[in-house]
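The block underneath contains the structure these notes are about, expressed in C-alpha cells.
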C-alpha cells in the first residue's frame, strides 16, 4: 500500500469514527439547534455522509435529526453557549442550512414558505442590531446579513434587507481623524477588531460579497474605500502577526492562524476588496501575507483540527482563496492542511480522538460543526470526494 493510499484509508476510518461519535453523543446538544454548535450541524454531517457513502439511510437519518430537533426547538428556551452568541446566529444558521440543502436537493420543501417566518424574524433582529451598532458575525446584524445573502437565490425580495444592512453599516461607521471607517463590537467590550468574525475584515468581506451581487454598489464601494485604509495602516512588520487582533493589541507575538482571526482572515477580505477598489499597497500586502501563510506549519497555531480555530478551517480558507485568486499555491496549501487534519486526533476520548480547544465543561463543543468533529468530518469527506458540494457559503468566509 502506498503512503497516499494509507493516508486515504486512515481518513476514511477517521470519518467512520466521527459518524459513530455523533450517533452515540447526539444528546449532548440538548435542544441546541444552531448550525455551528448544535443539532443542525450534526444533520449536515449526516447529509454529507450519505452522499459520501452513496447510502440513502444516512440521508434519511439527517432529515430525522433535523426534523426532530426543530420539533423540539423553542425560541423561548434559547440559551447562549458563548459570550457573543445570539438568537440571531442560531436562527440564521438554521436558515442557511435549509437554503443550502434545498439547493442541493437534500430537503424536499417549499423553501420560501418554510422560511417565511424566519425572514420576518431575522429582519426584525437585524434592524435591532443595526440600531445599537452591533455588526458581529455571531451577535450582530451580519448574522442575519449572511442569512439574507443565502436567500437571494430563491427570494429576490430579501434585497431590501441587504440594502438596509449596507446603509446601516455606513450610518454606524466610526470615522477616525484621517477619515477612515471602523466599527466597534458592543458585545465584546466595544473593542475594535480586525478579523473576519468580529471586525473590519468581517465588514469588508460581506460588503465585498454584497457588491458582487449588485446590492447598493456605490455605497458598498464607499465603505470599502474608507475601511480598507483603516486596516492597512495598522499593519506591523511582524511575521505571522502583521495585524493585531484588536485595536490596542500592542503585542508583537505570533497571531492565531485560523479562519476567524489573524493575518489570513484579513488577507481574504482584502482579496475581496481588491476586485472593487484601487489601492497601491493592496497587492503587495496580500502577496506577503499569502506567501508567509503558505509556509506556515503546525506549531503554536492551529490549536486543533476544527473549522473555526483549526486545520479544517485553514483547508477551507485556502480553498476559498484559490477560488478567488486562481493561485496554485493556495491549492497546494489547502491540500497540505487537509492532510494534517488526522494528526490532531491524538486523544483517547469519545470524539474520534479529536479535542476542541474551546472545550471546558461542555463536551458538545467536540461534536459540533464549527468547533468539533461534525465540521472536521465534512471537511475530510470533501477532500476524499471533491465532487461533494462545497460548503463555504455556510461559513464566515461566504
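Go through (1) closer than 22 Å to residue 334 by Cβ; (2) touching a helix residue (DSSP H, G or I) at 6+ places or on another chain (Cβ under 7 Å) for residue 230 and report which single condition fails.
Every listed condition holds for residue 230 apart from (1).
Do we have residue 223 as within 24 Å of residue 308 (Cβ to Cβ), touching a strand residue (DSSP E or B) at 6+ places or on another chain (Cβ under 9 Å) and assigned to a helix (DSSP H, G or I) here?
Against the criterion (within 24 Å of residue 308 (Cβ to Cβ), touching a strand residue (DSSP E or B) at 6+ places or on another chain (Cβ under 9 Å) and assigned to a helix (DSSP H, G or I)), residue 223 does not qualify.
Scan the helices (runs of 4 or more DSSP H) fully inside the stretch 305-370 and keep the ones with 3 or more residues being within 27 Å of residue 292 (Cβ to Cβ) and in contact (Cβ under 8 Å) with a residue 24 or more places away in the chain.
Once the helices (runs of 4 or more DSSP H) in the stretch 305-370 are filtered for at least 3 residues that are within 27 Å of residue 292 (Cβ to Cβ) and in contact (Cβ under 8 Å) with a residue 24 or more places away in the chain, what remains is 311-325, 328-340.
Please count how many residues of the stretch 380-392 are closer than 14 Å to residue 8 by Cα and under 13 Å from the mean Cα position of the chain (by Cα).
So the answer is 0.
Which helices (runs of 4 or more DSSP H) does the stretch 87-166 wholly contain that include 2 or more residues that are within 19 Å of residue 186 (Cβ to Cβ) and touching a residue at least 24 places away in the same chain (Cβ under 8 Å)?
Filter on the stretch 87-166 gives 87-103, 116-131, 141-151.
Can you tell me which of 259, 285, 277 is surrounded by fewer than 22 Cβ atoms within 10 Å (Cβ to Cβ), in a loop (DSSP other than H, G, I, E, B) and out of contact with any strand residue (DSSP E or B) (no Cβ under 8 Å at 6 or more places or on another chain)?
Testing whether each residue is surrounded by fewer than 22 Cβ atoms within 10 Å (Cβ to Cβ), in a loop (DSSP other than H, G, I, E, B) and out of contact with any strand residue (DSSP E or B) (no Cβ under 8 Å at 6 or more places or on another chain) leaves just 277.
Considering only residues of the stretch 196-220 that are part of a loop (DSSP other than H, G, I, E, B) and in contact (Cβ under 8 Å) with a residue 40 or more places away in the chain, which is surrounded by the most Cβ atoms within 10 Å (Cβ to Cβ)?
Ranking the candidates gives 199 first.
Residue under question is residue 186, and the condition is that it be out of contact with any helix residue (DSSP H, G or I) (no Cβ under 7 Å at 6 or more places or on another chain), surrounded by 16 or more Cβ atoms within 10 Å (Cβ to Cβ) and under 22 Å from residue 143 (Cβ atoms); does it hold?
Yes: the conditions hold for residue 186.
Which members of the stretch 236-256 meet the condition of being at positive phi and surrounded by 15 or more Cβ atoms within 10 Å (Cβ to Cβ)?
Listed by number, the list holds a single entry, 240.
No lab work stands behind these numbers, since they all come straight from the coordinates. Computed from a prediction, not measured in an experiment: that's the story for all the values here. Ideal geometry is used to build each Cβ from the backbone, glycine not excepted, and the neighbour counts take in all protein chains shown.
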